[in-house]
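Below is one structure, written out as structure tokens; comments come after it.
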Amino acid sequence: MMGDDKLTRERIEELRDRHRELDEELTCLTETPVHDQLKAQRLKKQKLALKDQISYLEDASFPDIIA
């Protein structure tokens with residue numbers, strides 16, 4: 001079980017890193033006056049999907065305990 005927790009934490013960190021990379025790419029893309037709207041929309045969707053994956057893994061790893 002401990003190995004699974006470590007793998008999950010590593011996966012969450014990988015997803016967070018990728019989310020930051022997409023955020024930086026999106027920022028650079030939108031700083032130009034004329035930018036590719038379709039590419040920007042795709043990057044936003046990818047970021048949202050990553051955020052959903054991160055939330056799912058975090059919720060699965062750290063269940064709510066009502067005490």
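Read-outs throughout are calculated quantities, based only on the coordinates presented, and are distinct from any laboratory measurement. Every value quoted in this text rests on a predicted model; they were computed, and no experiment measured them. Every residue, glycine among them, receives a Cβ derived from its backbone with ideal geometry; neighbour counts consider all protein chains shown.
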Checklist entry - If the cut-off is a Cα-Cα distance under 18 Å, which aspartates and glutamates reach Lys39, setting aside same-chain residues fewer than 8 apart in sequence? => result Glu21, Asp23, Glu24, Glu25, Glu31
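Restricting to DSSP H runs of at least four residues, report the calculated mean residue ellipticity at 222 nm for the chain, -39500 (n - 2.57) per run over all residues, nearest 500 deg cm²/dmol. If you can, show how the numbers build up before the last one.
Working: 2 runs with 55 residues, N = 67.
Dividing the helical sum by the residues of the chain leaves -29500 deg cm²/dmol.
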Checklist outcome for this item: In terms of the charge dipole of the chain, which places +1 on Lys and Arg and -1 on Asp and Glu at the beta carbon, the residue among Gln37, Thr8, Leu57 farthest towards the positive end is Gln37
Next on the checklist: If you fit an axis through the alpha-carbon atoms of helix 2-31 and take the longest principal axis of the Cα set of the chain, what angle between them do you get, 0 to 90°, nearest 10?
Outcome noted: 10
Next on the checklist: Rounding to the nearest 10 and keeping the result within 0 to 90°, find how far the Cα-based axis of helix 37-61 lies from the longest principal axis of the chain.
Outcome noted: 10
Item to check | Residues of type lysines that Lys6 reaches as a straight line, Cα spacing below 22 Å, ignoring anything fewer than 8 places off in the same chain | outcome: Lys51
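With charges only on Cβ, +1 for K and R and -1 for D and E, what is the dipole size of the chain about its Cα centre, in debye, rounded to 20? Show your work: numbers first, answer last.
Details: 12 positive and 16 negative charges, 56 e Å.
Taking the Cα centre of the chain as origin, the dipole is about 280 debye.
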